[in-house]
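The values are calculated or read from the model by the stated rules, or taken from the named source; none is laboratory data. Computed from a predicted model, the values in this text were never measured in an experiment. Counting neighbours? That spans all protein chains shown, and the Cβs are built from the backbone with ideal geometry, glycine included. All accessible areas refer to the heavy atoms of the entire protein, side chains included, with ligands and DNA or RNA removed. Shrake-Rupley method; radii C 1.70, N 1.55, O 1.52, S 1.80 Å.
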Amino acid sequence: MIDWLFLSDMYYAAPELWYVLGGIIVVLLAVIVIELLHILRLKQKNYFLNRDRERYAETLYASKDGYFAFIYPDQKVNDPRQYIVERCSRRLAVIMNLPNGVKSSFEDILKNFYKEDIKKIQKYILLLREDGVSFDDDFMIKTANKCFHLAGSRINGIDGNVYCDMVWFRDVSFEANKISSLEKAKNNAETLRSQLQDMVDNLPFPAWIRDNKFKIINCNKKYLEYCNLCSKDDVIKKGVEIIAANGENVALQLAKSAITSNRQKKSIANIIRNGERLAMEIIETPFHAENCLDKIYTVGSMVDISKLDDLKRNLKIHQNAQLEILGTLGTAFAVFDQDLKLAFHNHAFASLWKLDDVWFETEPSYATFLDTIREKRLLPEVPDYLMFKNEEQKKFSQIIEPQKDMLHLPNGRTLSRMRAAYPAGGLIFAFEDITDRLATTSAYNALLTKQHEMLENLFDAVLIFGTNGRLSFYNQSYIKLWNADRNFLQEEPSIDELLDSQRSFFNKKEDWQTLKKNIAEHMLSITTKTFVLNRNNKDDVQISSCNLSDGSRMITYKKL
């Protein structure tokens, strides 16, 4: 317990001492308060420093790039490089799949690169750590098909103090592959462009391209030859055009028309080249440039058709001459062109189908022709006329080789119809009335049949040899008389072969060849009409021969 009385006595005994002690206590309290406030401020500053450091660290960790840092101590240390601290970032450990994680050394990282690249990286690091030389380069790693971009740089403080050397690692595999793909596509496009340019330049005719303002923006080498120029730039800058012999710029007019109508345009013009007049077909074809509907360009070409033009002219002359000849023939001829319009007919055609001049003046089509002759009952009866008419019109695009058929008309007449492709397009028709010819042929065939029946029913054996010397007819009596093989006779043997088949009836004759020769000479003799042969069975056979009207030879055998 404090003795306040004692303290009061001491105060009054030495009051100055107490004043000094009181002052010292007040000063000490003030110093303590000030220091406490200073400590609080330092703790607050340290808190914010730690928080900023954590923010910066997390910011680095959040970066998509990994880093490896060589951290140096303060330069006040005599040899700071002896105390270098290496630090591997978490991101770097992840993207490079480092087994030791953030504890990996730079040597651990180098193991992922190829041997040649390791030497290069070590040289970069040496220059960075010795002289602070920055670097940027790309490297492939062995463990995966990845490409990394390495960027080294030195970090200094405001006072020039060296903080650390940083090496940033960025996975640029996607970008590298994309660049490689684009580079490859570029090379392919360049190769294709070069090939297309070579193809266009080596065309045997002039070709060019115009923009939507009708200006030539490119051409091939043949175009330069026609313009007597050496450079495409001269054509493009000066707008040089190939002018026709009459001074017209036909190609330009065609281009304007093509762009206006958005359709290909053609024209034939005469061009003077090296003093020679050439017939050229000029073509301008519009197209949408750069896949833009509002931008229409044209590509033009100029083809030499001088020889073709001469051939067409000569062909037209020959066709006209042929048509004049056809017009004088009795066979009915007509030409329907590629549009199925009647282009030519002769008088026999009009007479055959009973058509007048008024009908021909209407420029009828093939369908109209079929309708007209059907009304006149001059067309074969068919169950489905529309299908028949369609099939007839299809023949204009199907017939290549000449085709022949028969038309059996309701009035009993029969027409032979020949259809063939016409050189100028379409078909040429030839109609011929073969009614009488068929009747004559039928009567002739009937007569031949009767004659054969008569010869078959004769008791005498009959052979007929044609003009070629081969057997053309035999009757049943011959087979019985000579015991002949029907299959052998159907092979149309010659007289010599036929006599050999009869040798068994003369085997008592010693010299068969001589006998056969004599028999053949008598058969073919003009003077010998009849002679007799003696066979082994003591039968006598009388042989007669004569020439028929068609040049064939008839031989008869009569057993005596």
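Here residue 224 meets each of (1) more than 13 Å from residue 282 (Cβ to Cβ); (2) in contact with an Asp or Glu (Cβ under 9 Å, 6 or more places away or on another chain); (3) in contact (Cβ under 8 Å) with a residue 12 or more places away in the chain with one exception, condition (3).
Condition test on residue 182, is it assigned to a helix (DSSP H, G or I) and within 17 Å of residue 84 (Cα to Cα)? No; evaluated as a whole, the condition is false for this residue.
Every test in (1) modelled with pLDDT of 90 or more; (2) surrounded by fewer than 11 Cβ atoms within 10 Å (Cβ to Cβ) is passed by residue 143 save one, and that test is (1).
Looking at the range 480-543, the helices (runs of 4 or more DSSP H) lying wholly inside it that each contain 3 or more residues that are open to solvent by less than 30 Å² (accessible area, probe 1.4 Å) sit at 495-501, 512-524. For the range 393-425, the tally of residues that are open to solvent by less than 50 Å² (accessible area, probe 1.4 Å) and in a helix (DSSP H, G or I) stands at 1. Within the range 150-161, residues that are within 27 Å of residue 121 (Cβ to Cβ) and touching a residue at least 40 places away in the same chain (Cβ under 8 Å) have Cβ atoms under 8 Å from residues that are of a type in the set (S, T, N, Q) and loosely packed, with under 15 Cβ neighbours inside 10 Å in these pairs: 161/75, counting only partners at least 6 apart in sequence or on another chain.
Being farther than 18 Å from residue 210 by Cα and open to solvent by less than 20 Å² (accessible area, probe 1.4 Å), is that true of even one residue in the range 256-275? Among the residues of the range 256-275, at least one is farther than 18 Å from residue 210 by Cα and open to solvent by less than 20 Å² (accessible area, probe 1.4 Å), which makes the answer yes. For the range 406-426, filtering for residues that are in contact with a strand residue (DSSP E or B) (Cβ under 9 Å, 6 or more places away or on another chain) and closer than 21 Å to residue 354 by Cα leaves 11.
The single condition among (1) assigned to a loop (DSSP other than H, G, I, E, B); (2) free of Cβ contacts under 8 Å to residues at least 40 places away in the same chain that residue 551 does not meet is (2).
Entry remark, the range 281-303: residues being at pLDDT 85 or above and surrounded by 13 or more Cβ atoms within 10 Å (Cβ to Cβ) number 15 in total. Taking the listed residues 159, 138, the one that is out of contact with any Lys or Arg (no Cβ under 8 Å at 6 or more places or on another chain), open to solvent by 70 Å² or more (accessible area, probe 1.4 Å), modelled with pLDDT under 90 and acidic (Asp, Glu) is 159, with no other qualifying.
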